[in-house]
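*Asks:* For reference, the structure I am asking about is given below.
Every number here is computed from the coordinates shown, using simple stated rules; none is lab data. Treat the numbers as computed from the prediction; the structure is a model and nothing was measured. All Cβ positions, glycine included, derive from the backbone under ideal geometry; neighbour counts span all protein chains shown.
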Amino acid sequence: MIEFRNVSKSFWTGKTRKVILDQATFRVELGRSLGILAPNGTGKTTIINMMAGLEKPDEGRIVRTSKISFPLGVVSGINKAQTAQENCRYIARLYGLDPDHVEAFCRYLCGIKEYFDMPVATFSQGMRSRFMFALMLSLEFDIYLIDEGMPSTMDAEFNRKAGEILHERLMTSTVVIVSHSSRILERYCTSAAVLLDGRLHMFDTLAEAKAMYNYDS
Ligand SMILES: Nc1ncnc2c1ncn2[C@@H]1O[C@H](COP(=O)(O)OP(=O)(O)OP(=O)(O)O)[C@@H](O)[C@H]1O
């Protein structure tokens, strides 16, 4: 479970205060995947980072009682001078998992061939995001945090394999996806919210959230 209790967050831009959340209180329950719809630039990444513990609220508390992933797309914790193989074995050990299993899983899923044994610094943007997504899926969290859906890659084979595994994970885990578009949420989320002007409006169904989002944005 992730719970936001009266959480406020804003940034000072030098001219104005950009409000991301204003006294927000909500919960992500295990077994209820949540999709948050928000226009671009309104705070999707900031909210996901707060859920992951990478960013602190200005006020309020965030309570986590489950194993929560790092956000998809975040490369922190990865040593770019080391290979994908070295990185995933190191991270497997940090999480108390079998390094052989994690390595085999990532190698199969990300499909970057010989680059898997080369330093991460030599990867293209797409390779890096595929590697991070594969690594995230190999670690088996209770709640997966996904910023803007699947990695933007032209590699249909990767999307098919990763999508199948992600779908399978949803049987036993929970996902939080933030996106400006409802398409990805339709596939994975059982509840939805809309972020507008620092307020998070929670709904039981995606249809209700879409109705508000399409009306206001
Ligand atoms: N450290 C910071 N200092 C000042 N402003 C910031 C900071 N971090 C984020 N912002 C601003 O806060 C707003 C929300 O940023 P955030 O990246 O969370 O939005 P987003 O919805 O994920 O954006 P996008 O859709 O463009 O990826 C943006 O206007 C951004 O410029």
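*Asks:* Please rank 178, 63, fewest neighbouring Cβ atoms within 10 Å first, as an exposure proxy.
*Replies:* 63, 178
*Asks:* Roughly what angle does helix 206-216 make with the longest principal axis of the chain, taking Cα atoms, 0 to 90 degrees, to the nearest 10?
*Replies:* That works out to roughly 60 degrees.
*Asks:* Now, a different point. Expressed as an acute angle from 0 to 90° and rounded to the nearest 10, what is the orientation of the C-alpha long axis of helix 84-94 relative to the principal long axis of the chain?
*Replies:* Rounded to the nearest ten degrees, it is 70.
*Asks:* Let me ask something else. Label residue 208 and residue 17 with points 7 Å out from Cα along Cα→Cβ: what is the distance between them in nm?
*Replies:* Using points 7 Å along Cα→Cβ, the separation is 3.1 nm.
*Asks:* Given the Cα atoms of region 90-167, and with Rh set as the inverse mean 1/r over their pairs in the Kirkwood sense, what is Rg to Rh to two decimals? It would help to have the intermediate numbers written out before the result.
*Replies:* Numbers: Rg = 12.1 Å, Rh = 13.0 Å.
Expressed as Rg/Rh, it is 0.94.
*Asks:* Largest first, please: the extent of the C-alpha atoms of the chain along each principal axis, to the nearest Å.
*Replies:* 47, 37, 32
*Asks:* Right, another one. Are any of the pairs 9/161; 80/161; 44/161 more than 30 Å apart by Cα-Cα distance, and if so, which?
*Replies:* Details: 9/161 37 Å; 80/161 25 Å; 44/161 26 Å.
Too far apart for the 30 Å limit: 9/161.
*Asks:* Divide by every residue of the chain the summed helix terms, -39500 (n - 2.57) for each DSSP H run of at least 4, and state the resulting mean residue ellipticity at 222 nm, rounded to the nearest 500 deg cm²/dmol.
*Replies:* -10500 deg cm²/dmol
*Asks:* Of all DSSP beta bridges in the chain, what percent run antiparallel (nearest 5)?
*Replies:* 60
*Asks:* Taking the chain as the reference, fit the longest principal axis to its C-alpha atoms, fit the long axis of helix 99-110 to the helix C-alpha atoms, and give the angle between the two in degrees, 0 to 90, nearest 10.
*Replies:* Long axis of 99-110 versus the principal axis of the chain: about 70 degrees.
*Asks:* Compute the length gained on full extension between residue 90 and residue 27: take 0.36 nm times their separation in residues and subtract their Cα-Cα distance, giving the result in nm to one decimal.
*Replies:* That pair, residue 90 and residue 27, stretches by 19.5 nm at full extension.
*Asks:* Once Lys and Arg get +1 and Asp and Glu get -1 on their Cβ, which of 124, 95, 158 lies farthest toward the positive end of the dipole of the chain?
*Replies:* 124
*Asks:* I would also like to ask the following. With +1 on the Cβ of every Lys and Arg and -1 on the Cβ of every Asp and Glu, and nothing else charged, how large is the dipole of region 75-140 about its Cα centre, in debye rounded to the nearest 20?
*Replies:* Charge dipole of region 75-140: 240 debye, to the nearest 20.
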